[in-house]
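Presented below is the structure to which this report refers.
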Amino acid sequence: MHITDRKIAYDGHYKLSQLAVQDGDKVLQRERFEPGTAVAALVWNTTTQQYILTRQYRVGPEDELLEIAAGMVDGEEGPEAAIRREVYEELGYDVDRLEQIARIYPSPGTSAEVITIFYAEVSRQPGEGGGLAEENEKIEILTFSPEELKQARLADAKTLVAAQWVQLHKR
């Protein structure tokens, strides 16, 4: 299979492409959601020995979700610079150390989105966090002990990946 033609069907806050996919003698028409490149981090406060997560309203499930800090890579910045910026905007912390956990496609059947997930250690909170008003973010900051994170009811895929990783690698 390979793509033989692509057209932008919608170009708003996100993009939607219409693709022609060659499969032997057949040409299949498919739509692909193109939100961009994202980053996320499970944040560990080395001073308080707690994980820091967010809760915010998400349009997909039409509900508030418990999530790790996350956002989009802007312009030419790389994933590490983007996650450092997002951790500061959402949680108010400067990142002391980063470790990449995974690079995932959360829904490869319909979306081109790729998310680089990190484990981040922090100790200083010079900012307030809570997100940016100009981006209409209203982010609640929550802390969890390792045991509380293990018991948390998580529904967000990137957060589940990070929580599983920490169970396997940070005992």
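Answer yes or no: is there a residue in region 78-88 that is crowded, with 16+ Cβ neighbours inside 10 Å, under 12 Å from the mean Cα position of the chain (by Cα) and more than 22 Å from Glu128 (Cα to Cα).
yes
Would you be able to say whether some residue in region 101-119 is among the polar types (S, T, N, Q), touching a helix residue (DSSP H, G or I) at 6+ places or on another chain (Cβ under 7 Å) and either within 25 Å of Thr47 (Cα to Cα) or touching a residue at least 40 places away in the same chain (Cβ under 8 Å) (or both)? Walk me through how you get there before you give the answer.
First, the residues of region 101-119 that are among the polar types (S, T, N, Q): 107, 110-111, 116.
With the extra rule that they be touching a helix residue (DSSP H, G or I) at 6+ places or on another chain (Cβ under 7 Å), the set shrinks to 116.
From the residues that got through so far, the ones that are either within 25 Å of Thr47 (Cα to Cα) or touching a residue at least 40 places away in the same chain (Cβ under 8 Å) (or both) too are 116.
Yes, some residue in region 101-119 is among the polar types (S, T, N, Q), touching a helix residue (DSSP H, G or I) at 6+ places or on another chain (Cβ under 7 Å) and either within 25 Å of Thr47 (Cα to Cα) or touching a residue at least 40 places away in the same chain (Cβ under 8 Å) (or both).
Would you say Glu31 is loosely packed, with under 14 Cβ neighbours inside 10 Å and part of a strand (DSSP E or B)? Give the steps one after another, and end with the answer.
Details: loosely packed, with under 14 Cβ neighbours inside 10 Å: yes; part of a strand (DSSP E or B): yes.
Yes.
Scanning region 118-134 for residues that are in contact with a Leu (Cβ under 9 Å, 6 or more places away or on another chain) and at pLDDT 90 or above, which turns out nearest to Tyr93 (Cα to Cα)?
The selected residue is Gln125.
Would you confirm, using the coordinates I've provided, whether Glu147 is without any contact (Cβ under 8 Å) to a residue 40 or more places away in the chain, exposed (fewer than 12 other Cβ atoms within 10 Å of the Cβ) and more than 17 Å from Ala69 (Cβ to Cβ)? Talk me through it step by step, then tell me what you get.
Details: without any contact (Cβ under 8 Å) to a residue 40 or more places away in the chain: yes; exposed (fewer than 12 other Cβ atoms within 10 Å of the Cβ): yes; more than 17 Å from Ala69 (Cβ to Cβ): yes.
Criteria met by Glu147.
List, please: which pairs have Cβ atoms under 6 Å, are six or more places apart or on different chains, and start with a residue in region 71-100 that is of a type in the set (Lys, Arg) and end with one that is surrounded by 14 or more Cβ atoms within 10 Å (Cβ to Cβ)?
Going by the 6 Å Cβ cut-off, the qualifying pairs are Arg84/Val95; Arg97/Glu121.
I'd like the full set of residues that are part of a loop (DSSP other than H, G, I, E, B) and either over 13 Å from Gln49 (Cα atoms) or aromatic (Phe, Trp, Tyr) (or both), limited to region 129-153.
Taking region 129-153 as the starting set, the residues that turn out to be part of a loop (DSSP other than H, G, I, E, B) are 129-132, 136-139, 145, 152-153.
The answer is Gly129, Gly130, Gly131, Leu132, Asn136, Glu137, Lys138, Ile139, Ala152, Arg153.
Which one of these does Gly60 not meet: (1) within 15 Å of the chain's Cα centre (by Cα); (2) surrounded by 12 or more Cβ atoms within 10 Å (Cβ to Cβ)?
Result: Gly60 fails condition (2) only.
Among the residues of region 92-108, are any surrounded by fewer than 19 Cβ atoms within 10 Å (Cβ to Cβ), closer than 22 Å to Gln56 by Cα and of a type in the set (D, E, K, R)?
yes
Do we have any residue at all in region 43-64 that's farther than 30 Å from Asp94 by Cβ, part of a strand (DSSP E or B) and of a type outside the set (D, E, K, R)?
No; the residues of region 43-64 include none that is farther than 30 Å from Asp94 by Cβ, part of a strand (DSSP E or B) and of a type outside the set (D, E, K, R).
Out of region 65-76, which residues are assigned to a loop (DSSP other than H, G, I, E, B) and either touching a strand residue (DSSP E or B) at 6+ places or on another chain (Cβ under 9 Å) or within 15 Å of Glu137 (Cα to Cα) (or both)? Give the derivation first.
Looking only at region 65-76, we keep the residues that are assigned to a loop (DSSP other than H, G, I, E, B), and these are 68, 73-76.
Result: Ile68, Val73.
The values are calculated or read from the model by the stated rules, or taken from the named source; none is laboratory data. What you see is a predicted model; the values in this text were computed from it and never measured. Don't worry about glycine lacking a Cβ; one is built from the backbone with ideal geometry, like all the others, and counts go over all protein chains shown.
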